[in-house]
Structure formats: structure tokens, C-alpha cells
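A short write-up of the structure that comes next.
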């Protein structure tokens, strides 16, 4: 899918995104976690540009790194939850979770290794770069995916109503 | 060196694993939620990589839908967290055990 400078950019962005993910997981302060996640999303957006998906990259930055993470930060600060952390040490369920997590990682990496060595992903010829402009993407979206598009609209409406119902303060409580 | 789809799938697998680790190991509900977002992102990266590899736009269209659903899911999930915090004064997922039989 490319060589030379693209390899360098990929390695750089891969390292940044992995480092940001690790920092997000281990940072004590939830606000720091959110900011590390923004860095992770931005690095992935750069990878989308490399992968001939400029519009998806822009959506990633505006919707994910922008809107969704602002929502996260808003809620963290609204709750004052930045310091709320596991106050206890390792207890039973956590040890169990750790074992499950390790098994999961091994399975995932093993599955990937299997796919690359025996499954044949990555073999086969290189396909040509296709037109992935917003116009082409929109045409594909509305020619082949009209029903899913409409269903997504209904889903968003349901989410709006759900959020309004959840966060409404009942008069008797107040 | 040639940049192949394998590299992208490997990165996607690593990010997904890190997200799964976060879901399993962290106790703060908001951090767990962010980890879920990271797993969705890893899946998106795999989608776009395969779209590029196969020369097909459908993968990118699917990423579109994933991002939309993720946005809706974040809104509902954070509303749930706010509601739980109001009643229990905590978002430690070990203390949210009302459904325990």
C-alpha cells in the first residue's frame, strides 16, 4: 500500500497511537485519559489519510476527537469524577479479570498470526487507488445504503429521547 | 519495506486488545467507556484498511455507520453514568450492583 515516506509515517503514527492508548489506560486522572484518547484518535485520523480515506479522517477528527470527546470531558467535569479511582487493591474479581484479559490478548495476537501466515491476508495483488472523495462516498451511501441510513436516523432520534428521559429530574425527587 | 495491510491489521489488533484490557481492568465507568470507544476505533481502522486493500468503498461507508452509532451510544451511556452517579454518588463499577441476585 505504499513505501518510503508512507512507511515512516505509519510507524510514527502507530507508535503514537499505541503510546497514547497505554497512557490513557494507566493515567490516574480521567481528564488526562480523555486527552490521551484525543491524541489516539488524531493519530488514527492520519492513518485514514494514508489509507485513501480523507473524508473519514475529517469525520474522525470532528465527530470523535471533537464532539464525542468534548461530551466525555463535559461529563467528567460535571461529575467531578477526575480523581475517582479504584481505591482498593487487587481483589478477587480483578485477578479474574486480569486472567481473562491476558487470554484475550493471546487469542487476538495468535489469530492475527494465523491469518497472516496461513490464512493468506495480505497476499494477492495490489488494487488500484479508487476515488474516495466525499462525492463518491456520498453516491455510494445513497445508492446502496438508503435503508440503513434511514434506520440510523431513527436510532439517533431514539438516543435523543432516551437521554432526555434518563437525565430528566423527577419533580417529586427535587 | 513495503507497507501492507498486515501492518494495519496488527495495529488494529493491538489497539483492540488495549481497549479490552481497559474494560476489564479499570474500575472507573468513564474510563471503561473510553476503552470501548477505542475498541470501536480499532475496528474502524480494520474496515478502512480492508477497503483500501480490496479497492472497495463499502468499508468506508460502514465506518460511517459505526461512527454514527458510536455517537448515539456515547450520549446514552454518559446519560446513564450521570443518572447512576446522582443516585449512588459513585461511578466505580464494582459498587454498581443493584441487579445482583
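The values are calculated or read from the model by the stated rules, or taken from the named source; none is laboratory data. What you are looking at is a predicted structure, and each value in this text was computed from that prediction instead of being measured. Every residue, glycine among them, receives a Cβ derived from its backbone with ideal geometry; neighbour counts consider all protein chains shown.
Remarks
- Search result, residues across the range A:2-25 that are more than 7 Å from every other protein chain (Cβ to nearest Cβ) and part of a loop (DSSP other than H, G, I, E, B): A:4
- Which listed residue is more than 7 Å from every other protein chain (Cβ to nearest Cβ), assigned to a helix (DSSP H, G or I) and touching a residue at least 24 places away in the same chain (Cβ under 8 Å), from B:49, B:42: B:42
- Look at (1) in contact with a helix residue (DSSP H, G or I) (Cβ under 7 Å, 6 or more places away or on another chain); (2) at pLDDT 90 or above; (3) farther than 18 Å from residue A:45 by Cα and you find that residue B:65 fails only one, number (3).
- Filter result (within 13 Å of residue A:21 (Cβ to Cβ) and under 13 Å from the mean Cα position of the chain (by Cα)) within the range B:15-34: B:15, B:16, B:17, B:18, B:19, B:20, B:21, B:22, B:23, B:31, B:34
- Of all positions in the range B:67-75, at least one carries a residue that is facing chain A (nearest Cβ under 7 Å) and in contact (Cβ under 8 Å) with a residue 40 or more places away in the chain.
- Of B:41, B:28, all but one fail to be crowded, with 19+ Cβ neighbours inside 10 Å, touching a strand residue (DSSP E or B) at 6+ places or on another chain (Cβ under 9 Å) and under 21 Å from residue A:35 (Cβ atoms); the exception is B:28.
Here's the yes/no breakdown for (1) within 25 Å of residue A:110 (Cα to Cα); (2) at pLDDT 90 or above:
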site: B:13; (1), (2): yes, no
site: B:24; (1), (2): yes, no
site: B:36; (1), (2): yes, yes
site: B:42; (1), (2): yes, yes
site: B:46; (1), (2): yes, yes
site: B:60; (1), (2): no, yes
site: B:78; (1), (2): no, yes
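- Across the range A:126-174, the qualifying residues are those that are surrounded by 15 or more Cβ atoms within 10 Å (Cβ to Cβ) and more than 18 Å from residue B:62 (Cβ to Cβ), and the one among them that is modelled with the lowest pLDDT is A:166.
- Of the residues making up the range B:11-24, none is over 26 Å from residue A:31 (Cβ atoms) and surrounded by fewer than 18 Cβ atoms within 10 Å (Cβ to Cβ).
- In the set B:85, B:16, only one residue is touching a helix residue (DSSP H, G or I) at 6+ places or on another chain (Cβ under 7 Å), without any contact (Cβ under 8 Å) to a residue 24 or more places away in the chain and facing chain A (nearest Cβ under 7 Å); that residue is B:85.
- Hey, residue B:63 more than 7 Å from chain A (Cβ to nearest Cβ) and either assigned to a helix (DSSP H, G or I) or buried (at least 19 other Cβ atoms within 10 Å of the Cβ) (or both) or not: no
- Among the residues of this structure, residue A:89 does not count as one that is surrounded by 13 or more Cβ atoms within 10 Å (Cβ to Cβ), modelled with pLDDT under 70 and assigned to a loop (DSSP other than H, G, I, E, B).
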